[in-house]
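What follows is one structure encoded as structure tokens, with my remarks underneath.
Please treat every number below as a calculation from the coordinates, not as lab data. Just so it is clear, the model here is predicted, and its values are computed rather than measured. Note that each Cβ is placed from the backbone with ideal geometry, even for glycine, and that neighbours are counted across all protein chains shown.
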Amino acid sequence: MAFTHEVQNMCRVAQGCNHGPAPIPEEGAWVPVKQIEDISGLSHGIGWCAPQQGGCKLTLNVKKGIIEEALVEVIGCSGMTHSAAMAAEILQGKTLLEALNTDLVCDAINVAMREIFKQLVYGRSQTAFSEGGLPIGASLEDLGKGLRSQVGTMFGSREKGVRYLEMAEGYVLSVGLDQNDEVIGYRFVHLGKMMAAIRDGVDPREAYEKNIGTYGRFDEAVRVIDPRKE
């Protein structure tokens, strides 16, 4: 190790008290983190690319510094879906530090990795106070039975007003309006459940009809519009 001339000529002053790092909450325990192996937890990170054309939600379950599972959700850019596929292959088995310094193909996913790293190393994880943390596979529970991301897609213009296109419940088929032409509910089809039924051999038309539902006061609507046509 090289020292400058000024440092070489300094007298030595002893270091005082050094109690190490302050402990952070991890899976129901207080852990003084000194090495990457000391990090455990499940958390989320949100990232975006430089032109902010797309975004990523990244969920990692880390045990003793190793990424055991990854859920990569992206929106807004067609190329990001392929990037997410590659990132999901890359992440498992890497240490948290390796993943932070790995090219995850898409800048939005890289930024999400940076953000989740900060969550985990500062003890802000979802499992900070959950004894033992969560089992591997827990991130899939965020998706529900249909194993689809929670997506909301809305469009509105000053001239024509709002159009609901997709909600957490599913793909919006129609929007219900009251006598003042204000939205009071919507009708939707749950795509995840519908596709699962078709995969299990149910006739597509039957699967479609059985997975239609309504939200709000849709049944009281004075007028119903198709948000993609009208």
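With the convex hull of its Cα atoms as the shape, the range 23-141 has an orientation-averaged projected area of 6.6 nm². Taking amide hydrogens as placed 1.01 Å from N in the peptide plane, the amide H of GLY54 sits under 5 Å from those of CYS49, each at least 5 positions away in sequence or on another chain.
The overall shape of the range 90-169 is prolate: from the C-alpha gyration tensor, with semi-axes ordered a ≥ b ≥ c, the ratio a/c is 1.5 or greater and a/b exceeds b/c.
Per-residue 3J(HN,Hα) values for the range 131-139, derived from phi via the Karplus relation 6.51 cos²θ - 1.76 cosθ + 1.60 with θ = phi - 60°, read 4, x, x, 10, x, 5, x, 5, 5 Hz in sequence order (x marks Gly and Pro). Between GLU89 and GLU6, the contour length at 0.36 nm per residue exceeds the alpha carbon distance by 24.9 nm.
Quick one: how many lysine pairs in the chain have C-alpha atoms under 14 angstrom apart, if they're 8 or more apart or on different chains?
Lysine pairs, 8 or more places apart or on different chains, close enough: 6.
Loop-located trypsin sites (Lys or Arg not before Pro) in the range 47-96 (DSSP state other than H, G, I, E, B) with a sparse environment of at most 13 neighbouring Cβ atoms within 10 Å: LYS64. Here the label points at ASN18 and ILE225, each 7 Å from Cα along the C-beta direction, are separated by 6.8 nm in the simple model.
Annotation: extensible slack from TYR208 through MET154 equals 17.2 nm (criterion: 0.36 nm per residue apart, minus Cα-Cα distance). Pick the calculated mean projected area of the Cα convex hull in nm² for this structure from (i) 20.7; (ii) 14.1; (iii) 12.1? Only one listed value fits the structure, namely (i).
If you take the beta carbon distance between ASP181 and ARG114 as r and set R0 to 45 Å, what does 1/(1 + (r/R0)^6) give as a FRET efficiency, to the nearest 0.05?
0.50
Test of the criteria: in the range 74-166, which chymotrypsin sites (Phe, Trp or Tyr not before Pro) are in a DSSP loop and have at most 14 other Cβ atoms within 10 angstrom of their Cβ? The qualifying sites are TYR122, PHE129. Peptides 80-90, 103-113, 172-182 ranked from most to least packed by the mean count of surrounding Cβ atoms within 10 Å: 103-113, 80-90, 172-182. The length gained on full extension between ALA29 and GLU166, counted as 0.36 nm times the residue separation minus their Cα-Cα distance, comes to 45.3 nm. Annotation: peptides 137-145, 68-76, 7-15, ranked by per-residue average of other Cβ atoms within 10 Å with the highest first, follow the order 68-76, 137-145, 7-15.
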